1. For the stretch 69-97, name all the residues that are at pLDDT 95 or above, outside any loop (DSSP other than H, G, I, E, B) and either under 13 Å from Lys329 (Cα atoms) or of a type outside the set (S, T, N, Q) (or both).
2. Test each condition in (1) modelled with pLDDT under 95; (2) on the phi > 0 side of the Ramachandran plot for Gly220 and report the one that comes out false.
3. Are any residues in the stretch 158-191 over 16 Å from Leu122 (Cα atoms), open to solvent by 10 Å² or more (accessible area, probe 1.4 Å) and touching a strand residue (DSSP E or B) at 6+ places or on another chain (Cβ under 7 Å), and if so, which ones?
4. Filtering the stretch 88-145 down to residues that are among the aromatic types (Phe, Trp, Tyr) and over 30 Å from Ser193 (Cβ atoms), which residue is surrounded by the most Cβ atoms within 10 Å (Cβ to Cβ)?
5. Taking the options Ala155, Ala165, Ala177, name whichever one is within 19 Å of Val194 (Cα to Cα) and in a loop (DSSP other than H, G, I, E, B).
6. Which ones in the stretch 265-298 are more than 22 Å from Leu126 (Cβ to Cβ) and in a helix (DSSP H, G or I)?
7. For residues in the stretch 218-233 being among the small types (Gly, Ala, Ser) and open to solvent by less than 10 Å² (accessible area, probe 1.4 Å), which is nearest to Ser118 (Cα to Cα)?
8. Could you say whether any residue in the stretch 242-264 is open to solvent by less than 10 Å² (accessible area, probe 1.4 Å) and assigned to a strand (DSSP E or B)?
Amino acid sequence: MIEEENFIIETEDDTNSNKENRSGSGFPVRTQLAVLGLFLFILFTGLIVPKTIAFLNSKSNQAEVQASVSTESAIDKSSNDIKIESVSVRAKSAYVWDVVGQRALFEKNSEQALPLASITKLMTTLVAYELVPDSTLVTISSAAAAQQSGGSFSAGEVFKAKELADFALISSYNSAAYTLADSVGELLGDGDSVGQFIAAMNIRAEELNLDTLSYESPTGLDLSDTKASAYGSAEDVSKLVEYILLNNPEILNPTIIEQTRLYNRAGEYHDANNTNDILLDIPNLLGSKTGYTDLAGGNLTIAFDAGYNRPVIITVLGSTRNERFNDVKKLVKAVEELVSKSKTQ
């Protein structure tokens, strides 16, 4: 399956023709955006989102990961100066984050904002997850169907939001991510639903203090030959994965399976393989997301348990389609060696 086709997002005119009843593309005007920001703040702080309230009342979804953070460090506190050394990666940027120790184990241009490609879909699914119940029904629009990337979605198909979000992360189908943005964005008010959802993505990044993350689409496709639709640093991508891992790990759970089948409400289904080619090569994998476009090159972010209940997040940006996997495998091995070394000291 093709992870992402190297084509450019529809032009503004094409999008408008598919949505005659909506008031233009792009972000809402300043006043609308201010109202949207207030509305999103209320939603994100859990005042009206039943899912958030339920989560606060029951921490079973994150018990294992939170327990990991509270355990004794596998890398002894006296060895805080120990980091990964002598590892060469093809990626332009790389970051290895020790969740328990709250420190970087490896950095290479980690603060440089680079094209994210389909890693964008992590924020897309997080925002959709926080704004609507899992069982919300969403419909593939004509505009969404045009965002194909190796898939076969048809306009009019109806899915449950959580199931479509899982499929978007596993398969990297752009039409799945676009549908989430389109359907959930309609709940944020009149106007351009996708534009309003993108505004929500940027507001969420700001709330999480992930300053390098910026979005102009829910898919991560390149806007042109010279401009990507989403940018961010390897460090901020890793921190986003950390937030999801600690607060909503159920978003990442599906990303560790090899294959998936998505059923629509009519009983028809779509099959897809995971775009992470080294899924089985990473021990104790907790989650992953790939990304690839002409501008981005090969991107990959993963979370895995390095042993002794120690989640570690690795992100590489700006590698190649194939070398991103080798880059991550090198860093996984280096982390394992570092943990092993620290236990023998």
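1. Within the stretch 69-97, Ala94, Tyr95, Val96, Trp97 meet the criteria.
2. If we test Gly220 against (1) modelled with pLDDT under 95; (2) on the phi > 0 side of the Ramachandran plot, just (1) comes out false.
3. Passing the criteria: Val158, Lys160, Ser183.
4. Applying the first criterion (among the aromatic types (Phe, Trp, Tyr)) to the stretch 88-145 yields 95, 97, 106, 129.
Filter once more, keeping what is over 30 Å from Ser193 (Cβ atoms): 95, 97, 106.
Details: Tyr95: 27, Trp97: 25, Phe106: 22.
If we take residues in the stretch 88-145 being among the aromatic types (Phe, Trp, Tyr) and over 30 Å from Ser193 (Cβ atoms), then Tyr95 is surrounded by the most Cβ atoms within 10 Å (Cβ to Cβ).
5. Working: Ala165 fails: in a loop (DSSP other than H, G, I, E, B); Ala177 fails: in a loop (DSSP other than H, G, I, E, B).
Selected residue: Ala155, the only one of Ala155, Ala165, Ala177 that is within 19 Å of Val194 (Cα to Cα) and in a loop (DSSP other than H, G, I, E, B).
6. Selection gives Leu280, Asp281.
7. Of the residues in the stretch 218-233, the ones among the small types (Gly, Ala, Ser) are 220, 224, 228-230, 232-233.
Applying the additional criterion that residues be open to solvent by less than 10 Å² (accessible area, probe 1.4 Å) yields 220, 228-230, 232-233.
On the way: Gly220: 5, Ala228: 11, Ser229: 10, Ala230: 9, Gly232: 12, Ser233: 14 Å.
So the residue we want is Gly220.
8. Among the residues of the stretch 242-264, at least one is open to solvent by less than 10 Å² (accessible area, probe 1.4 Å) and assigned to a strand (DSSP E or B), which makes the answer yes.
The values are calculated or read from the model by the stated rules, or taken from the named source; none is laboratory data. Note that the structure is predicted; figures quoted are calculated from it, not measured. No Cβ is skipped: glycine too gets one built from the backbone with ideal geometry, and neighbour counts run over all protein chains shown. In case anyone asks, the SASA skips ligands and DNA or RNA and just uses the protein heavy atoms, side chains included. Shrake-Rupley method; radii C 1.70, N 1.55, O 1.52, S 1.80 Å.
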